[in-house]
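For reference, the structure discussed in these notes is given below.
The values are calculated or read from the model by the stated rules, or taken from the named source; none is laboratory data. It should be emphasised that the depicted structure is a prediction, and the values quoted were computed from it without experimental measurement. Neighbour counts run over all protein chains shown; Cβ positions are idealised from the backbone, glycine included. Accessible surface areas use protein heavy atoms only, side chains included; no ligands, DNA or RNA. Shrake-Rupley method; radii C 1.70, N 1.55, O 1.52, S 1.80 Å.
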Amino acid sequence: MSSLILYGYWRSSAAYRVRIALNLKRLDYEQRSVHLIKHGGEQHSATFQRLNPSELVPVLMDGDVCLNQSLAIIDYLDEQYPEVLLTPSDPKTRYLVKALAQDIAVDIHPLNNLRVLQYLTNEAQLSESAKGEWYRHWIETGFSALEKKLAQTSGEYCVGDEISLVDVCLVPQMYNAERFNVNLDPFPTIRRVTSSLRLHPAFINAAPEQQPDAV
Ligand SMILES: N[C@@H](CCC(=O)N[C@@H](CS)C(=O)NCC(=O)O)C(=O)O
């Protein structure tokens, strides 16, 4: 049995990144679902807090190593399981890949996170439509810049013709964008690259609807 255990949730885009990375590296892993909505959110339970006091998924266990933060987890996987590298070793490309991945994972994604949306509803008392506007605004702002960058760097994938960490971050962010009806017409490069990536088995098998806890 595999020593890798992924605590995640089918719709979590950060867990989705790690699933894609594990699949690209052809690593077997056991999935344990942390339901982000049921029972007030299982991420807030005492049991999960022992794994990650930040109360966020994903968490990856590799034997007795317990990791959180999807980008750090993928760095770890690149170091421990380097047969397929998601962050290239060439320094210039490596920097580019890391920066583009952070454009998505650090600058866009946190503003769409569940706890932010819950705060907008419960504390800021925003309506559903105002919350949708917030969500779309931050994705559109991030995608406008990303589109310009990928127009320069992409081949078949985000950076040239090799799949990298940027692709691993892009597809889950597109899933969120589509779920919240972002108008994707202004982003032809992002759409083209995503369509290519969605044909790859590692991405197909990592998709939210394919996960055992999908409802
Ligand atoms: N920067 C973290 C983000 C983790 C994160 O935001 N996880 C979300 C799901 S995508 C979560 O657990 N949300 C629960 C909540 O907001 O209560 C990472 O990349 O792992």
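Return yes when residue 80 is closer than 19 Å to residue 116 by Cβ and either in contact (Cβ under 8 Å) with a residue 12 or more places away in the chain or within 13 Å of the chain's Cα centre (by Cα) (or both) and no when it is not. When the stated conditions are applied, residue 80 does not pass them. Total residues in the range 39-63 satisfying the condition of being touching a Leu at 6+ places or on another chain (Cβ under 7 Å) and surrounded by fewer than 10 Cβ atoms within 10 Å (Cβ to Cβ): the figure is 0.
Can you pull out every residue in the range 166-215 that is within 28 Å of residue 130 (Cβ to Cβ) and open to solvent by 60 Å² or more (accessible area, probe 1.4 Å)? Of everything in the range 166-215, those that are within 28 Å of residue 130 (Cβ to Cβ) and open to solvent by 60 Å² or more (accessible area, probe 1.4 Å) turn out to be 178, 179, 181, 183, 185, 186, 191, 215. Filtering the range 100-157 to residues that are within 16 Å of the ligand (Cβ to nearest atom), hydroxyl-bearing (Ser, Thr, Tyr) and under 16 Å from residue 173 (Cα atoms) leaves only 135. Considering every residue within the range 73-81, establish whether at least one is touching an Asp or Glu at 6+ places or on another chain (Cβ under 8 Å), open to solvent by 60 Å² or more (accessible area, probe 1.4 Å) and part of a helix (DSSP H, G or I). There is at least one residue in the range 73-81 that is touching an Asp or Glu at 6+ places or on another chain (Cβ under 8 Å), open to solvent by 60 Å² or more (accessible area, probe 1.4 Å) and part of a helix (DSSP H, G or I). Pairing residues of the range 26-50 that are part of a loop (DSSP other than H, G, I, E, B) with residues that are open to solvent by 60 Å² or more (accessible area, probe 1.4 Å) and within 12 Å of the ligand (Cβ to nearest atom), at Cβ distances under 8 Å and at least 6 apart in sequence or on separate chains, gives 36/11.
For the range 112-152, enumerate the residues that are charged (D, E, K, R) and in a loop (DSSP other than H, G, I, E, B). Hit for the range 112-152 is 123, nothing else.
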